[in-house]
1. Looking only at the range 138-168, count every residue that is at pLDDT 75 or above and surrounded by 22 or more Cβ atoms within 10 Å (Cβ to Cβ) and tell me the total.
2. Can you tell me which residue within the range 110-132, out of those that are aliphatic (A, V, I, L, M) and in contact with an Asp or Glu (Cβ under 7 Å, 6 or more places away or on another chain), is surrounded by the most Cβ atoms within 10 Å (Cβ to Cβ)?
3. Out of the range 36-66, which residues are more than 16 Å from M140 (Cβ to Cβ) and either of a type in the set (S, T, Y) or in contact with a His (Cβ under 8 Å, 6 or more places away or on another chain) (or both)?
4. Can you tell me which residues in the range 82-115 are small (G, A, S), touching a strand residue (DSSP E or B) at 6+ places or on another chain (Cβ under 9 Å) and in a loop (DSSP other than H, G, I, E, B)?
5. Go through the residues of the range 2-21 one by one and say whether even a single one is farther than 26 Å from S134 by Cβ, outside any strand (DSSP E or B), modelled with pLDDT of 55 or more and not β-branched (V, I, T).
6. Filtering the range 78-115 down to residues that are among the polar types (S, T, N, Q) and under 18 Å from G51 (Cβ atoms), which residue is modelled with the highest pLDDT?
7. Could you tell me whether any residue of the range 46-54 is at negative phi, assigned to a loop (DSSP other than H, G, I, E, B), crowded, with 20+ Cβ neighbours inside 10 Å and touching a Gly at 6+ places or on another chain (Cβ under 6 Å)?
8. Return the residue satisfying two criteria in turn: it lies in the range 68-91 and is in contact with a Pro (Cβ under 9 Å, 6 or more places away or on another chain) and in contact (Cβ under 8 Å) with a residue 40 or more places away in the chain, and of such residues it is surrounded by the most Cβ atoms within 10 Å (Cβ to Cβ).
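The values are calculated or read from the model by the stated rules, or taken from the named source; none is laboratory data. From a predicted model like this one, the values you see are computed outputs, not experimental measurements. Because the Cβ atoms are built from the backbone with ideal geometry, glycine has one as well, and the counts that use them run over all protein chains shown.
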Amino acid sequence: MPKDHVDREHLEVTGRHSDHPPPNLDVTEADTGAIIVVTQVFGPDGDNLVGISDVTFDGHPAVTLGVRAEGKEGHVHLSPIHGDRRKEGFTNIPDGTRCELFCPVSNKLLPRMGEVEDGSDAAYFALYLTPKLSAGTAVMVSDIWGHYHSRIVDDTELISYWASTHED
């Protein structure tokens, strides 16, 4: 995968992770280090949001979210590759716009997980890695358009840190 698509400076989170990734993530090695690909992610009613469209990124099915911003709404197809900023669909949103994030299947709002602690006034919202819908296994995405800050938590461990430091 080309390095220019990955926002490596925002992979700075803390935690630890084993060398055996769970079935909801695929961790592979590349010349630039470990690559984490989300292979399944669930909305607030347990709907899998990976592969519900025909959009792919480097052969991986997209994660689809519903987004409301500036009186409009649509579906945004996100790269499932952690740190990859590419997206398609409803993307004509000015950077810095606060968005309402919802499940494109149930139309329910994504659960709020807390504030992003970087002074941006952004908040994290959850997509769950398992149908159990546990906050301990989630992808947390920011609600500010253009604020590329996300975290992957699995079994309460922030594995994004592992990927950003796993170079051997």
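1. So the count comes out to 5.
2. Of the range 110-132, the ones aliphatic (A, V, I, L, M) are 110, 113, 116, 122-123, 126-127, 129.
Retained after the next criterion (residues that are in contact with an Asp or Glu (Cβ under 7 Å, 6 or more places away or on another chain)): 122-123, 129.
On the way: A122: 19, A123: 17, L129: 25.
Filtering first and then ranking leaves L129.
3. Within the range 36-66, V37, T39, S53, V55, T56, A62, T64, G66 qualify.
4. G83, G96
5. Within the range 2-21 (the criterion being farther than 26 Å from S134 by Cβ, outside any strand (DSSP E or B), modelled with pLDDT of 55 or more and not β-branched (V, I, T)), the answer is no, since none of the residues qualifies.
6. The selected residue is S106.
7. If we filter the range 46-54 for residues that are at negative phi, which is where we start, we get 47-50, 52-54.
So of that shortlist, the ones also assigned to a loop (DSSP other than H, G, I, E, B) come out as 47, 49, 52-54.
After this cut, where a residue has to be crowded, with 20+ Cβ neighbours inside 10 Å as well, the list is 49.
Restricting the remaining residues to those that are touching a Gly at 6+ places or on another chain (Cβ under 6 Å) gives 49.
The answer is yes; a qualifying residue exists.
8. So, considering only residues that are in contact with a Pro (Cβ under 9 Å, 6 or more places away or on another chain) and in contact (Cβ under 8 Å) with a residue 40 or more places away in the chain, the one surrounded by the most Cβ atoms within 10 Å (Cβ to Cβ) is P80.
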